[in-house]
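Worksheet: one structure, shown below.
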Amino acid sequence: METRCCESQHYDRAVPGLLEPPPSPDDHVLGRPDAAHVLTMYADFECPFCQAAQSILPRVRKRLGDDLLLVFRHFPIDARHPLARQAAYAAEAAAAQGAFWEMHDALFDLRGELGPPALLAAARRLALDVPRIEAELDAGRHHARVAADVASGERSGVTGTPAFFAGAQPISGSFDAGSLVDALRGR
């Protein structure tokens, strides 16, 4: 499977550098903070390869169990995926209600159909406060958070999605459960 779906038009670094900044309590994470292995993923909710990765990550989590901390960061590529940034804002609005991962899964389940009605329908299915989400989206409340993730990706040399880091090191080449586990274990 390809490592990246879409290249960004924002900059021209081809090879990722070290992850900058390292994961922090402000990130969206699954797993124990003291896990032996940290996998950071930069993703775009409209990217079909990011969606495909969603079936791979549970296998990585199963293999590593409590030894894995999974970190998610937004990296919408506006030039190729015009609905991804608004989906990222919706995910952040859900996070404000304690439901980031539920909305994350719901957004990827939409398979790129991320127009405003679909985003709000996903929030309704999750029993979130939809008027609050609408108000936060209208006010641009989560723009800075998504922009900070994008800036982090740019500083780390991310040029497309999905982009993975094992600890601070970029993972290049194909991605599947085995290759991600091997990269995390330093093989």
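The values are calculated or read from the model by the stated rules, or taken from the named source; none is laboratory data. Model, not experiment: these values are computed from the prediction. Don't worry about glycine lacking a Cβ; one is built from the backbone with ideal geometry, like all the others, and counts go over all protein chains shown.
Would you check if Arg111 is at pLDDT 95 or above and among the basic types (Lys, Arg)? No.
Go through the range 28-45 residue by residue and tally those that are acidic (Asp, Glu) and either in a strand (DSSP E or B) or in contact with a Ser or Thr (Cβ under 9 Å, 6 or more places away or on another chain) (or both).
Final tally of qualifying residues: 1.
Pairing each residue of the range 110-127 that is hydrophobic (A, V, I, L, M, F, W, C) with any residue that is assigned to a loop (DSSP other than H, G, I, E, B), provided the two are 6+ apart or on different chains, yields C-beta distances under 7 Å for Leu114/Phe45; Leu114/Glu46; Leu114/Leu83; Ala118/Leu110; Ala122/Leu110; Leu126/Ala99. With respect to the conditions (1) modelled with pLDDT of 95 or more; (2) within 20 Å of Arg155 (Cα to Cα), Pro22 falls short on a single one, namely (1).
Yes/no per residue for (1) under 12 Å from Pro162 (Cα atoms); (2) of a type in the set (Lys, Arg); (3) touching a helix residue (DSSP H, G or I) at 6+ places or on another chain (Cβ under 7 Å):
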{"residue": "Asp44", "(1), (2), (3)": "yes, no, yes"}
{"residue": "Cys50", "(1), (2), (3)": "yes, no, no"}
{"residue": "Ala53", "(1), (2), (3)": "yes, no, no"}
{"residue": "Arg59", "(1), (2), (3)": "no, yes, yes"}
{"residue": "Leu68", "(1), (2), (3)": "no, no, yes"}
{"residue": "Phe72", "(1), (2), (3)": "yes, no, yes"}
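I'd like the full set of residues that are surrounded by fewer than 21 Cβ atoms within 10 Å (Cβ to Cβ) and part of a helix (DSSP H, G or I), limited to the range 69-84. Within the range 69-84, none qualify. Restricted to helices (runs of 4 or more DSSP H) entirely inside the range 108-175, those with at least 3 residues that are among the hydrophobic types (A, V, I, L, M, F, W, C) and farther than 21 Å from Arg73 by Cβ are 116-125, 130-139. All of Gly173, Gly157 fail the test of being out of contact with any Pro (no Cβ under 8 Å at 6 or more places or on another chain) and either modelled with pLDDT of 95 or more or not acidic (Asp, Glu) (or both), apart from Gly173. Number of residues in the range 131-185 that are surrounded by 19 or more Cβ atoms within 10 Å (Cβ to Cβ), closer than 30 Å to Pro117 by Cα, of a type in the set (A, V, I, L, M, F, W, C) and touching a Lys or Arg at 6+ places or on another chain (Cβ under 9 Å) equals 3.
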